[in-house]
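Structure first, then comments.
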Amino acid sequence: MDLKDNIELFSSLNAYKTRVEYLKGETIFKQGAFAPYVMYVVEGLVKVYLQTGVDKNISLSVVSDGDFLAFSSVFGEPVHTYSAQAITSTQICMIEKESLKKILLDNPEFALKITSQNYRNERHLFELIKNLSYKQMRGKLASALLYLSQDDFIGKNIFENLSRQDIADFASISAESAIKFLKEFEKEGIIELVGKNIEITNLSMLKDLSKNG
């Protein structure tokens, strides 16, 4: 979904939105803070994560161009239920939530597109829960690599912008374990490590690891 595809819809929001640029690594909002706006990612990559303790995080997803953040605030959620951090330099459009709610009510086709997008995000969260509950560490890491290498992120150089700790957080394992298993995957011909970049060289093996891990 792109703002450019919905110019007529969003033109009425000009008085109720503003664009902000966040630098790589900058916090966009924190879990538990008030959520006065819905945020639309115009350009960039954003990490969405839960803070589960002091210096302990569970990375939930990556959002990119055309995705919304804090969308639940439209339906009355007063605070952010997760945190968000810019993975790359990111442009965010901050939209007054009541104005967006009116557009959704007046344009059911547009609302359906957003609902479909949120359903896709929900499916990913179910997969994440399954990873945490049933998979061994190698399977968790394989699932994280598959998620981070999906088509949505092609051309974004996502691995170049993630530390090994970031990748470990997406797999819900320690950074030491992530580094160890990445090297094992490379020896097994599943991936190739070039600096920070990770190239999948045997997709079927990685899928098998994710499924059976």
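Going by the structure shown, is Ile58 touching a helix residue (DSSP H, G or I) at 6+ places or on another chain (Cβ under 8 Å), surrounded by fewer than 19 Cβ atoms within 10 Å (Cβ to Cβ) and part of a strand (DSSP E or B)? Explain how you work it out, then say what you get.
Values: touching a helix residue (DSSP H, G or I) at 6+ places or on another chain (Cβ under 8 Å): yes; surrounded by fewer than 19 Cβ atoms within 10 Å (Cβ to Cβ): yes; part of a strand (DSSP E or B): yes.
Yes: the conditions hold for Ile58.
Number of residues in the range 204-213 that are more than 12 Å from Arg138 (Cβ to Cβ) and either modelled with pLDDT of 95 or more or of a type in the set (Gly, Ala, Ser) (or both): the value is 1. Within the span defined as the range 7-28, every residue fails to be at pLDDT 80 or above, within 19 Å of Lys97 (Cα to Cα) and part of a loop (DSSP other than H, G, I, E, B).
The values are calculated or read from the model by the stated rules, or taken from the named source; none is laboratory data. Note that the structure is a prediction, hence the values are computed from the model and not measured. Reconstructed Cβ throughout: ideal geometry from the backbone, glycine too, with neighbour counts over all protein chains shown.
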